[in-house]
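Step one of this worksheet: look at the structure below.
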Amino acid sequence: MKLALECPTKIYYSSSDRYVNRKFHDPFYKIIAESAFQVEALARALFPQGLCVKAGSTDEAVEKTRGYLTRPEVVIFQPALVFDNFLAQPDILIKKGNVLKIIEVKAKSMKPNQPFYNQRRARFFSSWSKLLLELAFQRFVVSRALVELKIENELMFLNKQALAEENGIVNQFQIYYPPHEEAILKNLPSADVFKLPSGMFLNFNITNVLNDFLKKYKLRQFDNRDVSSWFYYLNDAFTRGKKISSEIGTKCKSCEFRIDVNDSVAADKCSGFTECWQNYLDNPSEKLVEEEDLVIDLWNSQNCQHYLSQKKNFIVDLNQHDIDPVNFAYPGIAMAHRQWLQIYSSCEKQNLEYFDRSAYLEKSKSWKYPFHFIDFETLQTPVPLFKNTGPYDSLAFQFSHHQVEKDGKKCHKGQFIYEPGQRLPVFDFVRALKSELDKDDGTIFCYGEHENHLLSIIFQQVYEADENMLKDKKEILEWIPKIARIKGPYSNYNIDKRRELVDLHRVARYCYFTPLSKGSLSIKKLLPALLNHSDYLKTKYAAPVYGKNTSFPSLNFGPVSLIRFDEKQRVINPYELLPAVFDDTSLRPWLPFERLNDGGSAMCAYLRLYYRDISASAKENIKSALLKYCELDTLAMVLIWEHFEYLKDSEFDSRPQMHQLMKWR
């Protein structure tokens, strides 16, 4: 139902294996699924008498569920109930006499007494509409399939305020991916093996809320239908294999049925996204939709829906009246200028980079050698890994550190990864970080707000820690505000004169633009785009000059060529060249992806270090992959900085050209 509310056309695409579905390949979605999987398993542990419906087909699952429901009292996991052509599969059913409770378990964390209904405006909060629609569907089907029973609905959420009472609860639930099968829980323990935190789950009886929702809620985007008639409408279309056309809009930007023309993951699949846009644009060629820049791809635009209403479907359809990039009196590339450069590049089919040298000089004048480039990896699990932590608490477990001297010497200076233990990793993490950075007062670089935000969280965690656990607590509390802005309840500990922590992402946004990244400033997108521009970096790093025993030493890589080319002579994204975690194919079912190349996959892999059934050698493979991935993040920062420095020193300055471009069109 959530999928249908996002876009009913997706129901058609998701029911056929002809279409690409990027959720099957994207580590981000895999991690979300893992979280939900573990939380549901944890919830089941509350009902040790529960019976799980295991079946090879839907019909068999329905028959087993009916058989279990003949008992006067029963708890059923993964039940299947049918009414007409409708199928409902709640997480848990509890029958007591003539009362049947439908329980839906969510990995989301909440505080007690969070409401679903906006009393002041007399309507449901829009943020809850997708979830309530999903639950309303379950109630709709179950109440008609079992008319003799009184139906109640309950939601279970993780309690944001509950703290774990022991270590390692989450890793009692080891996730494993058998070849060509869905994820399973390996060697699931009985409930008495671990102790659930007191109040781990919040239970909300939403029977009245759903009754009210079914009666009052109208789907304005679908002809103002009521909920029940919309269910029938969707069911009819699904049964007949009919594609429901949906309005094209900004929501299409994140469509999982879109194929990236440079991606070989789905080379043999069709693109549902392309089909939708072909219909909307009166059937232009597939190539036009896939290769031209659509207006929804304009960087950081809040006006895409407005442009579409004016039939401005492609970026080339936009002009100055849409963007208004005229104010160019101050150094730096503003949002409107960045969008205008993207429009110009799309129209003129030019892949020129733009660099505002004066803005960069202004930004960099206070930087002080030696330069330190740092990156953190963070753990956020729905079920706590450590004692006295709660759902989704941020726990730093790894960092990488590159250093650049004034004479140009560069090295991978240091790193840290917390070896699985019984206490919070942040204490050893921050102590190791302090040891790395406290030797001088050189400028520290990060990419994005993550590092500063995490240091602020670490300050709070250290502040609230028992001094017996952290003998150097006072020293650490004095050090963190010297390099980071403390936010939240401890912001009064900030100091006026702070060592500079430079966000290289902001520098790139302020000073640099390349159309090759499609406007994106993500380090994973910017790095390969920038490398494709830079003949200087191509020449310098095509040779194996980076790695152990080279002029640019590494702690994890042997001598390696950072620059490699594909068949079209484009620089391959270095993140795609990271080695697979496991050479031994028998170990691959422990991870839902082959290699680590983003923060989510790194977090997922790190959790495996706590699994009791993974061998020591396999854990060494995981640790090695984590170290290489994190090192590449700080190396990427060095390469971005090095490119900016080269442009500055060669007096490359696009500002005069950018002045002229503001008058274009």
Completion exercise
Being at positive phi and either open to solvent by 30 Å² or more (accessible area, probe 1.4 Å) or in a helix (DSSP H, G or I) (or both) narrows N388, N351 down to just N388
Practice task
Considering (1) modelled with pLDDT of 95 or more; (2) over 14 Å from F427 (Cα atoms); (3) of a type outside the set (D, E, K, R), say which one L454 fails and leave the rest.
Solution key: (2)
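Out of the residues in region 547-592 that are in a strand (DSSP E or B) and under 30 Å from the mean Cα position of the chain (by Cα), which is nearest to Y629 (Cα to Cα)? Even if it seems obvious, please write down each step before you answer.
Pass one, region 547-592, residues in a strand (DSSP E or B): 552, 560, 565, 571.
If we keep only those that are under 30 Å from the mean Cα position of the chain (by Cα) too, we end up with 560, 565, 571.
Numbers: V560: 15, F565: 20, V571: 19 Å.
My answer is V560.
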Fill in the blank from the handout: Within region 302-338, residues among the polar types (S, T, N, Q), at pLDDT 90 or above and open to solvent by less than 70 Å² (accessible area, probe 1.4 Å) come out as N313
Practice task
Only residues that are at pLDDT below 95 and among the charged types (D, E, K, R): list them for region 479-508, please.
Solution key: K482, R485, K487, D496, K497, R498, R499, E500
Practice task
Kindly establish whether Y392 is within 29 Å of E620 (Cβ to Cβ) and without any contact (Cβ under 8 Å) to a residue 24 or more places away in the chain.
Solution key: no
Exercise for the section: State all residues of region 224-260 that are under 24 Å from W277 (Cα atoms), hydroxyl-bearing (S, T, Y), open to solvent by 50 Å² or more (accessible area, probe 1.4 Å) and in contact (Cβ under 8 Å) with a residue 60 or more places away in the chain; if no residue qualifies, say none. Expected result: S245
Practice task
State whether the residues of region 458-467 include one that is over 27 Å from the mean Cα position of the chain (by Cα) and farther than 19 Å from D393 by Cα.
Solution key: yes
Exercise for the section: Name, by its number, the condition in (1) open to solvent by less than 10 Å² (accessible area, probe 1.4 Å); (2) more than 24 Å from A605 (Cβ to Cβ) that does not hold for F376. Expected result: (2)
Fill in the blank from the handout: So, first residue over 21 Å from C604 (Cβ atoms) in region 36-57, second residue modelled with pLDDT under 85 and not in a loop (DSSP other than H, G, I, E, B), Cβ within less than 8 Å, six or more apart or across chains; the pairs are A45/A191; L46/A191; P48/A191
Handout entry: Conditions (1) touching a helix residue (DSSP H, G or I) at 6+ places or on another chain (Cβ under 6 Å); (2) assigned to a loop (DSSP other than H, G, I, E, B); (3) among the aliphatic types (A, V, I, L, M): number failed by A543
Key = (1)
Exercise for the section: Test S520 against the stated conditions and say whether it is under 24 Å from the mean Cα position of the chain (by Cα) and surrounded by fewer than 17 Cβ atoms within 10 Å (Cβ to Cβ). Expected result: yes
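When the residues of region 211-223 are filtered to those that are closer than 24 Å to Y13 by Cα and open to solvent by 70 Å² or more (accessible area, probe 1.4 Å), which remaining residue is modelled with the lowest pLDDT? Break it down into steps so the answer makes sense when it comes.
Let us first name the residues in region 211-223 that are closer than 24 Å to Y13 by Cα, namely 219-223.
From what's left, open to solvent by 70 Å² or more (accessible area, probe 1.4 Å): 220-221, 223.
On the way: R220: 69, Q221: 65, D223: 74.
Among them, the one singled out is Q221.
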Practice task
For residues that are surrounded by fewer than 16 Cβ atoms within 10 Å (Cβ to Cβ) and among the basic types (K, R), scanning just region 1-56, find the one that is farthest from I175 (Cα to Cα).
Solution key: R18
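Condition first: out of contact with any Asp or Glu (no Cβ under 6 Å at 6 or more places or on another chain) and in contact (Cβ under 8 Å) with a residue 60 or more places away in the chain. Now tell me which residues in region 505-517 satisfy that. Working first, answer last.
Step one: filter region 505-517 for residues out of contact with any Asp or Glu (no Cβ under 6 Å at 6 or more places or on another chain), giving 505-510, 512-513, 515-517.
V507, A508, R509, Y510, Y512, F513, P515, L516, listed by residue number.
If we keep just the residues of region 1-42 that are hydroxyl-bearing (S, T, Y) and more than 13 Å from the chain's Cα centre (by Cα), which is nearest to F157 (Cα to Cα)?
Applying the first criterion (hydroxyl-bearing (S, T, Y)) to region 1-42 yields 9, 12-16, 19, 29, 35.
Within this subset, residues satisfying the condition of being more than 13 Å from the chain's Cα centre (by Cα) are 9, 12-16, 19.
Working: T9: 30, Y12: 31, Y13: 30, S14: 27, S15: 29, S16: 32, Y19: 33 Å.
Across region 1-42, the extreme among qualifying residues is S14.
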Handout entry: Filter result (closer than 24 Å to K253 by Cα and part of a helix (DSSP H, G or I)) within region 507-523
Key = A508, R509, P515, L516, S517, I523
Handout entry: Residue check for A625: within 23 Å of the chain's Cα centre (by Cα), of a type in the set (G, A, S) and closer than 24 Å to K30 by Cβ
Key = yes
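Yes/no matrix, rows are residues, columns are (1) at pLDDT 80 or above; (2) in a loop (DSSP other than H, G, I, E, B); (3) under 30 Å from Y280 (Cβ atoms); (4) among the hydroxyl-bearing types (S, T, Y):
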{"site": "S143", "(1), (2), (3), (4)": "yes, no, no, yes"}
{"site": "F157", "(1), (2), (3), (4)": "yes, no, no, no"}
{"site": "K195", "(1), (2), (3), (4)": "no, yes, no, no"}
{"site": "L234", "(1), (2), (3), (4)": "yes, no, yes, no"}
Completion exercise
Here the residues within region 435-455 that are open to solvent by less than 30 Å² (accessible area, probe 1.4 Å) and part of a helix (DSSP H, G or I) are L437, E451, N452, L454, L455
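Per-residue answers, yes or no, for (1) under 27 Å from V462 (Cα atoms); (2) part of a loop (DSSP other than H, G, I, E, B); (3) under 25 Å from the mean Cα position of the chain (by Cα):
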| site | (1), (2), (3) |
| --- | --- |
| T378 | yes, no, yes |
| S400 | yes, no, yes |
| G408 | no, yes, no |
| K413 | yes, no, no |
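Across region 361-402, what is the total count of residues that are aromatic (F, W, Y) and touching a His at 6+ places or on another chain (Cβ under 7 Å)?
Residues of region 361-402 aromatic (F, W, Y): 367, 369, 371, 373, 376, 386, 392, 397, 399.
Narrowing the set further to residues that are touching a His at 6+ places or on another chain (Cβ under 7 Å) leaves 373, 376.
The total comes to 2.
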Problem - Verdict on S358 being open to solvent by 20 Å² or more (accessible area, probe 1.4 Å) and part of a loop (DSSP other than H, G, I, E, B) - result: no
Exercise for the section: Considering only residues that are in contact with a Pro (Cβ under 9 Å, 6 or more places away or on another chain) and surrounded by 18 or more Cβ atoms within 10 Å (Cβ to Cβ), look in region 564-592 and name the one that is farthest from C604 (Cα to Cα). Expected result: V571
Exercise for the section: Say whether the condition of being in contact with a strand residue (DSSP E or B) (Cβ under 6 Å, 6 or more places away or on another chain), open to solvent by 10 Å² or more (accessible area, probe 1.4 Å) and not small (G, A, S) is met by at least one residue in region 637-653. Expected result: yes
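Within region 476-504, how many residues turn out to be assigned to a helix (DSSP H, G or I) and free of Cβ contacts under 8 Å to residues at least 24 places away in the same chain? Working first, answer last.
Taking region 476-504 as the starting set, the residues that turn out to be assigned to a helix (DSSP H, G or I) are 476-482, 488-493, 504.
Those still in the list that are free of Cβ contacts under 8 Å to residues at least 24 places away in the same chain too: 477-478, 481-482, 491-492.
Residues that pass the stated criteria total 6.
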Practice task
Considering only region 593-620, state which residues are closer than 22 Å to L185 by Cα, part of a helix (DSSP H, G or I) and open to solvent by less than 60 Å² (accessible area, probe 1.4 Å).
Solution key: G600, S601, A602, M603, C604, A605, Y606, L607, R608, A618, K619
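The values are calculated or read from the model by the stated rules, or taken from the named source; none is laboratory data. Just so we're clear, the structure is a prediction, and the values are computed from it rather than from any experiment. With ideal geometry, Cβ positions are generated from the backbone for all residues, glycine too; neighbour counts draw on all protein chains shown. Keep in mind that these areas ignore ligands, DNA and RNA; they rest on the heavy atoms of the full protein, side chains included. Shrake-Rupley method; radii C 1.70, N 1.55, O 1.52, S 1.80 Å.
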